[in-house]
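A.B. asks: Submitted below is the structure of interest, expressed as structure tokens.
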Amino acid sequence: MNLIYLIPFISAFIGWFTNWVAIKMLFHPREPKKILGLTIQGIFPKRQQVFAAKLGQMVTRELISFEEIEARILAPNHLQRILPVVDNHIDQFLKVKLAETMPVISMFIGDKTTDQLKKVFMGELEMLFPQLLSQYMAGLKTELDLEKMVTQKVSAFSSDKLEQILQDIMSKEFRFIEVLGGILGFIIGLFQVLLTLLA
């Protein structure tokens with residue numbers, strides 16, 4: 001009769017074990033295996049291509065889009081960060097490189113003229129940069145398919161790599177599911193003991 005009190009512990013072990021097996025079956029077996037006439041394969045290895053396609057769609061539709069990248073690159077504050085570098089480069093070119101490569105012309109150009117030329121160049125570049133970047137981004141958009149890139153990358157992951165990534169992300173959750181199975185099994189075992197004693 002005392003063995004009846006082992007039921008909650010046996011149920012707890014069964015609950016933990018079945019959840020542990022269920023989590024393992026997310027990743028294993030990696031290749032399809034025939035067992036008693038049934039083909040068994042881990043869920044993620046079996047559905048990796050579908051998972052990759054869905055992840056690619058989610059990334060480009062929900063997380064980041066090409067339009068968002070384009071808007072950030074073309075934002076006026078980004079252009080303002082580039083202009084000082086361009087300004088320094090033009091200044092260096094007009095005052096140093098021009099004198100080295102075309103000494104005769106540089107003899108007739110003073111600092112005042114150099115500053116005026118630089119001002120004209122910078123004005124033109126400020127108008128030209130947004131157009132150039134817009135054209136570049138338009139061309140890049142046709143060549144760069146973010147959804148396809150994500151899908152191909154995830155599809156190319158080895159099963160080991162995919163398992164490692166998901167384990168790194170969800171190891172605590174997997175452990176919680178295992179423990180929860182044990183707790184629920186123990187509670188069900190207690191009810192079985194209670195019902196047996198009442199009967």
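A.B. asks: Can you name the condition, by its number, that P76 falls short on among (1) under 30 Å from V150 (Cα atoms); (2) touching a Ser or Thr at 6+ places or on another chain (Cβ under 9 Å); (3) of a type outside the set (D, E, K, R)?
C.D. replies: It fails just one condition, (2).
A.B. asks: Could you please let me know if L128 is surrounded by 13 or more Cβ atoms within 10 Å (Cβ to Cβ) and part of a helix (DSSP H, G or I)? Full working, then the answer.
C.D. replies: Values: surrounded by 13 or more Cβ atoms within 10 Å (Cβ to Cβ): no; part of a helix (DSSP H, G or I): yes.
Judged against the criteria, L128 is not a match.
A.B. asks: Please work out if F66 is closer than 25 Å to K148 by Cα, among the aromatic types (F, W, Y) and surrounded by 11 or more Cβ atoms within 10 Å (Cβ to Cβ).
C.D. replies: yes
A.B. asks: If I filter the range 84-110 down to residues being in contact (Cβ under 8 Å) with a residue 12 or more places away in the chain and farther than 30 Å from E70 by Cβ, which single residue comes out as surrounded by the most Cβ atoms within 10 Å (Cβ to Cβ)?
C.D. replies: L94
A.B. asks: Here's something else I'd like to know. Is there any pair linking a residue in the range 1-27 that is under 22 Å from F176 (Cβ atoms) to one that is of a type in the set (D, E, K, R) and in a helix (DSSP H, G or I), with Cβ under 6 Å and at least six apart or on different chains, and which?
C.D. replies: From residues that are under 22 Å from F176 (Cβ atoms), the pairs are W16/E178; N19/E178; W20/E178; F27/E163.
A.B. asks: Show me the helices (runs of 4 or more DSSP H) found entirely inside the range 1-118 where at least 3 residues are within 42 Å of the chain's Cα centre (by Cα), over 30 Å from S155 (Cβ atoms) and at pLDDT 85 or above.
C.D. replies: Numbers: elements: 7-24, 43-46, 48-58, 66-73, 76-92, 98-101, 103-107.
Correct list: 7-24.
A.B. asks: Looking at (1) crowded, with 16+ Cβ neighbours inside 10 Å; (2) under 30 Å from P130 (Cβ atoms), which one does P76 not meet, given that it meets all the others?
C.D. replies: (1)
A.B. asks: Criterion first (closer than 24 Å to G139 by Cβ, out of contact with any Phe, Trp or Tyr (no Cβ under 6 Å at 6 or more places or on another chain) and of a type in the set (K, R)) does R72 satisfy it?
C.D. replies: Working: closer than 24 Å to G139 by Cβ: yes; out of contact with any Phe, Trp or Tyr (no Cβ under 6 Å at 6 or more places or on another chain): yes; of a type in the set (K, R): yes.
So R72 fits the description; yes.
A.B. asks: In this structure, is I187 at pLDDT 80 or above and in a helix (DSSP H, G or I)?
C.D. replies: Values: at pLDDT 80 or above: yes; in a helix (DSSP H, G or I): yes.
For I187, the condition - at pLDDT 80 or above and in a helix (DSSP H, G or I) - is met.
A.B. asks: Pick out the one residue from L166, L162, L197, L133 that is touching a residue at least 60 places away in the same chain (Cβ under 8 Å), under 19 Å from I7 (Cβ atoms) and not in a loop (DSSP other than H, G, I, E, B).
C.D. replies: So the residue among L166, L162, L197, L133 that is touching a residue at least 60 places away in the same chain (Cβ under 8 Å), under 19 Å from I7 (Cβ atoms) and not in a loop (DSSP other than H, G, I, E, B) is L197.
A.B. asks: Right, another one. Can you name the condition, by its number, that I169 falls short on among (1) exposed (fewer than 14 other Cβ atoms within 10 Å of the Cβ); (2) over 30 Å from A12 (Cβ atoms); (3) among the β-branched types (V, I, T)?
C.D. replies: (2)
The values are calculated or read from the model by the stated rules, or taken from the named source; none is laboratory data. The structure presented is a predicted model; accordingly, all values stated were derived computationally and were not measured. In this analysis, Cβ positions are derived from the backbone assuming ideal geometry, glycine residues included, and neighbour counts consider all displayed protein chains.
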